[in-house]
1. Within the stretch 100-127, count every residue that is under 21 Å from A318 (Cα atoms), touching a residue at least 12 places away in the same chain (Cβ under 8 Å) and under 19 Å from the mean Cα position of the chain (by Cα).
2. Just for the stretch 335-367: of the residues that are surrounded by fewer than 20 Cβ atoms within 10 Å (Cβ to Cβ) and of a type in the set (A, V, I, L, M), which one is farthest from V82 (Cα to Cα)?
3. Quick check: is even one residue across the stretch 302-315 outside any helix (DSSP H, G or I) and either touching an Asp or Glu at 6+ places or on another chain (Cβ under 8 Å) or under 24 Å from T66 (Cβ atoms) (or both)?
4. Kindly establish whether W320 is open to solvent by 30 Å² or more (accessible area, probe 1.4 Å), closer than 27 Å to K69 by Cβ and within 18 Å of the chain's Cα centre (by Cα).
5. Inside the stretch 92-102, can you point out the residues that are open to solvent by less than 10 Å² (accessible area, probe 1.4 Å) and closer than 17 Å to F355 by Cα?
6. Out of S370, S332, I need the residue that is surrounded by fewer than 20 Cβ atoms within 10 Å (Cβ to Cβ), small (G, A, S) and within 22 Å of A286 (Cβ to Cβ). Which one?
7. Which residue is surrounded by the most Cβ atoms within 10 Å (Cβ to Cβ), if the candidates are limited to the stretch 56-91 and must be among the hydrophobic types (A, V, I, L, M, F, W, C) and closer than 18 Å to D316 by Cβ?
8. Would you point out which residue out of V41, V3 is modelled with pLDDT under 95 and within 27 Å of the chain's Cα centre (by Cα)?
Amino acid sequence: MPVHKTALLGATTCAVLASTGLLAAEPPKALGPGEGRLDIVAWPGYIERGESDKAYDWVTGFEQQTGCKVSVKTAATSDEMVSLMAKGGYDLVTASGDASLRLIAGKRVQPINTALIPNWKNIDPRLQNGGWYVVDKQVYGTPYQWGPNVLLYNTNTFKQAPTSWGVVFVPQDLPDGKPNKGRVQAYDGPIYIADAALYLKSAKPELGIQDPYELTETQYQAVLELLRQQQPLIHRYWHDATVQMSDVKNEGVVASSSWGYMVNGLKAEHQPVASTIPKEGATGWADTTMLHTDAKHPNCAYQWMDWSLQPKVQGDVAAWFGSLPAVPAACSGNELLGAEGCKTNGFDNFDKIAFWKTPQAQGGKFVPYSRWTQDYIAIMGGR
C-alpha cells in the first residue's frame, strides 16, 4: 500500500474494528518447543517443497531445521481463505488485504509478538505498519509477498503492450483486427469491482473516484454498469491459476488481469505472453502470514514466520510466483530471482498500485463489501 495512505487506512480500520468490540489477546512473551506440525492456508505457488520443480523448495529445509511437518491447503480466492479460517483447523494463512481486515474483525487471527521473530528487521519499510495488518498498534502477522494484478496479453495479438485496461472492459477490435469478445477474462472475486473503479477513475474523471475501494452510491452504480457492459465479452471469470494458463494456451484468451505467477509459468512453456501495468495503474496485493486465534501449533507457526523472512526464502518465492519480496535484501544475490528479477516483477511500481483492502461503509458514506459480493455474483451470472 502506498505509504501516504497507510495512516488513513489504519485510523479507519481502527474505527471499524472498535465498533465490533474487538479485544485482541496478548501475544506470547516467549516460545516453547515446536509441536511437530504446521497447517497453512496459502495461495497456489506460495508454499513449495520442490514437487513442482526441485529448484524451488523452501519447506524441506524448514522441516529439517525445526521438526515441524508442513501441510498446505491452497485457496484460490480471499473469500475462500476467510471461509477456511472460519472453519478452523489451520495455523497460518497468507492473507491478502481484502481478507486480512475481515479476519481481524472476525477474531479469526491473533496479534503477534514481533520480538519473537528475529528476521522482522529485514522487512521493507514500505510494508511496515501497513493498515491492512496493523490495527490499533497491534501487529497481526508478518508481510510475505506483494505485487500488482498485471494485464497479461498475447504478444502475437498485441505487437506492442496495451496501454489501457480498456481492452478488457470496453467492446473493441484488438490490433489483430478481431473483436475482444470471448477473448478476455476477469477475476471472479468481488474485489475485482475495484479494477473497474480504477479504470473509470481515469476514463471518467467526472465521477470523482479517489479510492477504488471507497465508492459512493453514484460512483458504484457507474462501476457496476461498466461491469455489466463487460460481462458479454468475458470468456471466463477466472480464479484458478492453472485453468487460466490453460485458457491462454488452448482457448484463445489474449488479455486478462493476472498474476506474475501465471505470466512466468506461461513464459516457461514458451507461450507468446507478456504483462504490463497500463496507464491507469493496477490493483494489487500485499499478503500477510497471519496466525489463527486457535492455532494448535503456535510455536511451529512462529518459527515459520521467522523462516519466511529470510532473504533466500523471500527471493525464491518471488522468483517462483512472479511477485515482490517483503524483504528488499532478497533482490540481490538470489540465483533463482536473478539480478533483474525484482525490477522485472515491478519493485519500483509500489506507488502505482492500489492495494487490496476490504471496502467499508464508513457510516454509510461508501458502499460496503457485502453489497460488492451480492452485486458481483449477479453480474457474473448475467444479471
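The values are calculated or read from the model by the stated rules, or taken from the named source; none is laboratory data. Note that the structure is predicted; figures quoted are calculated from it, not measured. Every residue, glycine among them, receives a Cβ derived from its backbone with ideal geometry; neighbour counts consider all protein chains shown. Each accessible area value is taken on the protein alone, full model and side chains, heavy atoms only, with ligands, DNA and RNA left out. Shrake-Rupley method; radii C 1.70, N 1.55, O 1.52, S 1.80 Å.
1. 5
2. Only one residue tops the list, namely A339.
3. Checking the stretch 302-315: at least one residue is outside any helix (DSSP H, G or I) and either touching an Asp or Glu at 6+ places or on another chain (Cβ under 8 Å) or under 24 Å from T66 (Cβ atoms) (or both).
4. Working: open to solvent by 30 Å² or more (accessible area, probe 1.4 Å): yes; closer than 27 Å to K69 by Cβ: yes; within 18 Å of the chain's Cα centre (by Cα): yes.
Against the criterion (open to solvent by 30 Å² or more (accessible area, probe 1.4 Å), closer than 27 Å to K69 by Cβ and within 18 Å of the chain's Cα centre (by Cα)), W320 qualifies.
5. We begin by selecting, within the stretch 92-102, every residue open to solvent by less than 10 Å² (accessible area, probe 1.4 Å); these are 92-101.
Result: T94, A95, S96, G97, D98, A99, S100, L101.
6. Only one candidate qualifies: S332.
7. F62
8. Being modelled with pLDDT under 95 and within 27 Å of the chain's Cα centre (by Cα) holds for just one of V41, V3, which is V3.
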